[in-house]
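Beneath this line is the structure, given in structure tokens, with notes to follow.
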Amino acid sequence: MRRDFDPEDYALVAKLRANPPNPWKWEIYCAGKRLPIEQSATYFESRGAAQQAGKKALSELLAKLSY
């Protein structure tokens, strides 16, 4: 694991970004950064669906950054 890497610095957020029927997006933020470092390319029907997909994306990102 890299010394400068702390998984606690990364957070997943589901945000309402469009009009129904698919208004939700997930976004991943890193501490100290104002803009998301990654976000979904597609929109989701529910907050739960966006969070579920975002958790997978966050897990993949953290695995990639930890090496």
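Some notes on this structure:
- Local net charge near TRP24, Cβ-Cβ under 14 Å (Lys/Arg +1, Asp/Glu -1): +3
- P(r), alpha carbons of the chain - 10 Å bins starting at zero, rounded %: 22, 49, 23, 6, 0
- Residues ILE28, ILE37, sorted so that the one with the fewest Cβ neighbours within 10 Å comes first: ILE37, ILE28
- GNM remark for the chain: springs join alpha carbons under 10 Å apart, and the peak mean-square fluctuation among ALA49, ALA41, ALA11 falls on ALA41.
- The length gained on full extension between ALA41 and ASP4, counted as 0.36 nm times the residue separation minus their Cα-Cα distance, comes to 10.5 nm.
All of the numbers you see were taken from the coordinates with simple rules; none came from a lab. Keep in mind that this is a model prediction, so the values were computed, not measured. Cβ sites come from the backbone with ideal geometry, for glycine too, and all protein chains shown count toward neighbours.
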